[in-house]
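S.K.: Sending over a structure as structure tokens; questions will come in a sec.
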Amino acid sequence: MTTTHQTQLLVIGAGPAGYTAAIYAARAGLRPMLVAGLQPGGQLTITTDVENYPGFAEAVQGPWLMDQMRAQAEHVGATVIHDIITQVDFSARPFRCDTDSGDVFMAETVVIATGAQARWLGIPGEQALSGNGVSACATCDGFFFRGKRVAVIGGGNSATEEALYLSNLAAHVTLVHRRDSLRSEKILQQRLFAKPNVSVVWNAAVEEALGTDAARPALRAIRLRDTLTGALSDLDVDGMFVAIGHDPATAVFKGQVAMDEGGYVLVEAGTTRTNVSGVFAAGDVADKLYRQAVTAAGTGCMAALDAERFLAAVHHAQRQAA
Ligand code: NDP
């Protein structure tokens, strides 16, 4: 039997942004409901050591951290539901959100916190060596490659920034790009080319990530194919950072809220407000610059506060009209 749930605040997504929004909204008495989606816990559930989330002197495990956030959200009164939002209608309040199970949520406010996923190359060895030399986040994992050799794959702002960041940690950084020019901003390129420990391999596609023979293999090299000549060569590296873009999980919101050309939800600067009054966005779904668990949590908090203020204004207006 399907159920229609009424809620003051529906959080869609169960990463740091979603759980933090739920924690703040629950403590404000909004009795939020959170629909967890396909990958409860979000990107941190596919991470191992987390050393940069404040509050933990020792590294913690990503899945453990997310379990704690869920438990904290439930402890303060949020309801976490394991379902997937399949369709939304933001044309009128309460907003209607349909789920895979057939249940329907009628929500006075919505926080979109569905996150984004890194794009991968899809080459042999990439997933097997993920977390053992292969990463999609230099800020998260660069620290583990101090004094080592790393490669960054891509030619956009992300790849250039990741290479710059890593050049302060690694012994050597090789940027590998499939064409003969970068698409990143010129100022970033100038900074990159000025680094003595950075080199660029142009016109090269990564064919394979090669691991060591150990019981728990680690990356030892990447196989490159020259896109002009087809020649193959191996580049010895300890780390490969894939920086070829991200895909925000916003398909279900297309046509309902304003997005940029990459599918990121647009928010009013300095807030989490979307172009639809009562719909807010937090975390990586609206952020292509920072993409950190702590920044996602921060904007999750902002979204709950923005929703609370929105509801207070609506209730005040209703009382005035009565
Ligand atoms: P982009 O889409 O801008 O760049 C992706 C890069 O990866 C391109 O160079 C592309 O090559 C390459 N690429 C894509 N697919 C493959 C593949 N299968 N194999 C090899 N290479 C591939 O993504 P970014 O993440 O860099 O940036 C996304 C957005 O975020 C942009 O708008 C960017 O400006 C913004 N951003 C801004 C920052 C800032 O202002 N400081 C920081 C980070 C991001 P090709 O060039 O050949 O297409």
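S.K.: Looking only at the chain, where both bridge partners belong to it, what percent of the DSSP beta bridges are antiparallel (to the nearest 5)?
M.R.: So the antiparallel bridges in the chain amount to around 45 percent.
S.K.: Averaging sequence separations of C-alpha pairs under 8 Å and six or more residues apart, then dividing by the length of the chain, give the relative contact order as a whole percent.
M.R.: The normalised contact order for the chain reaches 20 percent.
S.K.: Treat every Asp and Glu Cβ in the stretch 24-150 as -1 and every Lys and Arg Cβ as +1, leave all other atoms uncharged, and give the resulting dipole magnitude about the Cα centre to the nearest 20 debye.
M.R.: Dipole size: approximately 380 debye.
S.K.: Can you list the equivalent-ellipsoid semi-axes of the chain, largest first and in whole Å, using the square root of 5 times each Cα gyration tensor eigenvalue?
M.R.: One finds semi-axes of 41, 20, 18 Å for the chain.
S.K.: Looking at the square roots a ≥ b ≥ c of the eigenvalues of the Cα gyration tensor of the stretch 22-75, which shape do they give, rounded for a/c under 1.5, prolate if a/b is larger than b/c, or oblate?
M.R.: Oblate.
S.K.: While we're here: How big is Rg to Rh over the stretch 180-242, alpha-carbon atoms, Rh as the Kirkwood inverse-mean-distance radius?
M.R.: 1.05
S.K.: While we're on this one: Rounded to the nearest 20 Debye, what is the dipole magnitude of the chain about its Cα centre when Lys and Arg each give +1 and Asp and Glu each give -1 at the C-beta?
M.R.: 560 debye
S.K.: Mind telling me which of 296, 92, 159 comes out most flexible in a GNM of the chain, alpha-carbon contacts under 10 Å?
M.R.: 92
S.K.: Using a 4.7 Å cut-off between beta carbons, which cysteines in the chain end up with no partner cysteine at all?
M.R.: Cysteines of the chain left without a disulfide-compatible partner: 97, 301.
S.K.: Over all Cα pairs of the stretch 79-162, how is the pair count split among 10 Å bins, expressed in % and running from 0 up to the last occupied bin?
M.R.: 13, 31, 16, 24, 14, 1
S.K.: Not counting the cut sites, what is the longest span of the chain without GluC sites (Glu not before Pro) that DSSP labels loop and that have at most 16 other Cβ atoms within 10 Å?
M.R.: 59-184
S.K.: Consider all pairwise Cα distances in the stretch 175-285 and report the whole-number % of them above 22 Å.
M.R.: Roughly 57 percent, once rounded to a whole number.
S.K.: Whats the longest run of the chain with zero trypsin sites (Lys or Arg not before Pro) that are DSSP loop and have at most 12 other Cβ atoms within 10 Å?
M.R.: Result for the longest clean stretch: 1-145.
S.K.: A follow-up question, please. What shape does the stretch 91-221 take by its C-alpha gyration tensor, where a ≥ b ≥ c are the square roots of the eigenvalues and a/c under 1.5 counts as rounded, a/b above b/c as prolate, and the rest as oblate?
M.R.: prolate
S.K.: Would you mind telling me which residue in 109, 274, 99 has the biggest mean-square fluctuation in a Gaussian network model of the chain, where springs connect alpha carbons within a distance under 10 angstrom?
M.R.: Sorting by GNM fluctuation, first place goes to 99.
S.K.: I've got another one for you. Sequence neighbours fewer than 8 away in the same chain don't count; with that in mind, list the lysines whose C-alpha is under 16 Å from residue 186.
M.R.: Result set, ordered by chain and number: 195.
S.K.: How large is Rg over Rh for the stretch 34-144, taking Rg from the Cα atoms and Rh as the Kirkwood inverse mean of 1/r across Cα pairs?
M.R.: 1.04
Any read-out appearing in this document is the output of simple, stated calculations on the displayed coordinates, not a laboratory observation. The structure presented is a predicted model; accordingly, all values stated were derived computationally and were not measured. When we count neighbours, we look across all protein chains shown, and the Cβ atoms used for this are built from the backbone with ideal geometry, even at glycine.
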